[in-house]
Amino acid sequence: MRMSEQSKSNRQNDPDQSASHSRSLRTERPSPVMKFGDFSGLAKDYARYRAGYAPQVATAILKYIDRNPSEIDAVDVGAGTGIWTRTLASRGLRSVTAIEPNDDMREKGIETSRDTKIVWLKGSAEATGLANSSVDLVSMASSLHWADFDKACDEFHRILRPRGVFVALWNPRFIEANPTLVEIEEQITRLKPGISRVSSGRSGITERLTDMLSAKAQFSDLLYLEGRHAVQQTPEQYIGAWRSVNDLQVQLGPELFQQFLDFIEKKLAGLGKIEVTFLTRAWVTRRV
């Protein structure tokens, strides 16, 4: 998602078996013209293979708002294909709006949210197009790293009602729970030593976000939450999630990224399922 027309608001974090199936995975080559934050062409894999967020974190965020869910108007900015947006919509909120600047991601989000009341709009973190003081909750799920942080905070302060809540969250893999995943991710630095991930959810902006939000006079009562949840994924699902990752494809380039996918495929050969633990991390703060 590309979080503005200039700064990108597309996303993080990160991914039966027959010979023909393996060949099909290998031949799906990454785009050679991909740009940072531009998720065009990744929406199908993103919607199909990205895991959801820890439900207990969603529960804690809504309790922090301290209002009946039926009285809460929420907007998910940089919504991508609506993975987190649908989590909010399932909690009985009065209204849920999804703001997404990337056409491919937004169209896939509309397609996969047809059985919900989510309203989809084109916009960005810096310019949502919403009215002043119109929502009780603003969220950015796996997308704040693509936004202009200062302009986004100004915009969220503008559209939030007094004492409304802003939450930025990510859903990285907790690879320490599975040695196989540790070995797979170590392959990234073997392919490109010194690589620095933009959107992994455990690096980049998340390393300093507590200080960044604490310094903002428009917000107070900062709270940090995290929750783990494990899912069983097939090799296809795990590799498909990696194919939806933008920053890694851009940094490695098409050939090295394909080598990475080939390494994963060989590592998981013969496995029916792999347990992947996700660590949902959320920074929650209240509008002053």
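All of the numbers you see were taken from the coordinates with simple rules; none came from a lab. Predicted model only: the values in this text are computed from it and were never measured. Every residue, glycine among them, receives a Cβ derived from its backbone with ideal geometry; neighbour counts consider all protein chains shown.
Points worth noting:
- Taking the fewest neighbouring Cβ atoms within 10 Å as the starting point, the ordered list for D66, D148, D221 is D66, D221, D148.
- With a cut-off of 13 Å between beta carbons, the residues surrounding E111 carry a summed charge of +1, where Lys and Arg count +1 and Asp and Glu -1.
- For F219, nonlocal amide neighbours, meaning residues 5 or more places apart or on other chains whose placed amide H falls under 5 Å from its own, are V288.
- Ranked S134, S196, criterion: other C-beta atoms within 10 Å, fewest first: S196, S134
- Sorted by Cβ density within 10 Å, fewest first, the residues S124, S214: S214, S124
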